[in-house]
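Visitor: My structure is below; once you've seen it, I'll send some questions.
The values are calculated or read from the model by the stated rules, or taken from the named source; none is laboratory data. This is a predicted model, so every value here is computed, not measured. Please note: Cβ atoms are built from the backbone with ideal geometry, for glycine as well, and neighbour counts cover all protein chains shown.
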Amino acid sequence: MFRIWGRIIKDNHLIRDYVACIDNPDLRRTQKVYAALDEICYAFDLSKPVWLKSNQEDFICHARTRFTKDNFIDAIDFDYLDFYVIEEE
């Protein structure tokens, strides 16, 4: 099972959270990450963020990244979307 936790943070407070569970062994890790991001954005009713080079580097090194207002095309009413792997098998 591959699980990613998405959290919306505003003023250092947790506003919403969601855990995406991807249970498809045929997908590669990158495909699981994108599928989890799609599921989290759908649950939060957000447009999908743009992966910047800094996001890719953070995620590769730490299995975690933050999407700020610079990553979204639409205006957002929170500080950032925290996105990280909590289980990987």
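Visitor: Restricting the search to the stretch 37-54, which residues are in contact with a strand residue (DSSP E or B) (Cβ under 9 Å, 6 or more places away or on another chain) and surrounded by 15 or more Cβ atoms within 10 Å (Cβ to Cβ)?
Guide: If the condition is that a residue be in contact with a strand residue (DSSP E or B) (Cβ under 9 Å, 6 or more places away or on another chain) and surrounded by 15 or more Cβ atoms within 10 Å (Cβ to Cβ), then 37, 39, 40, 41, 44, 46, 49, 51 are the ones that fit.
Visitor: Restricting attention to the stretch 17-36, which residues are surrounded by fewer than 14 Cβ atoms within 10 Å (Cβ to Cβ) and in contact with a strand residue (DSSP E or B) (Cβ under 8 Å, 6 or more places away or on another chain)?
Guide: 21, 23, 29 - these are the residues of the stretch 17-36 that are surrounded by fewer than 14 Cβ atoms within 10 Å (Cβ to Cβ) and in contact with a strand residue (DSSP E or B) (Cβ under 8 Å, 6 or more places away or on another chain).
Visitor: Do you know which of the residues in the stretch 55-71 that are surrounded by 16 or more Cβ atoms within 10 Å (Cβ to Cβ) and of a type in the set (A, V, I, L, M, F, W, C) is modelled with the lowest pLDDT?
Guide: 59
Visitor: Can residue 37 be described as hydrophobic (A, V, I, L, M, F, W, C) and closer than 14 Å to residue 65 by Cβ?
Guide: So residue 37 passes the test.
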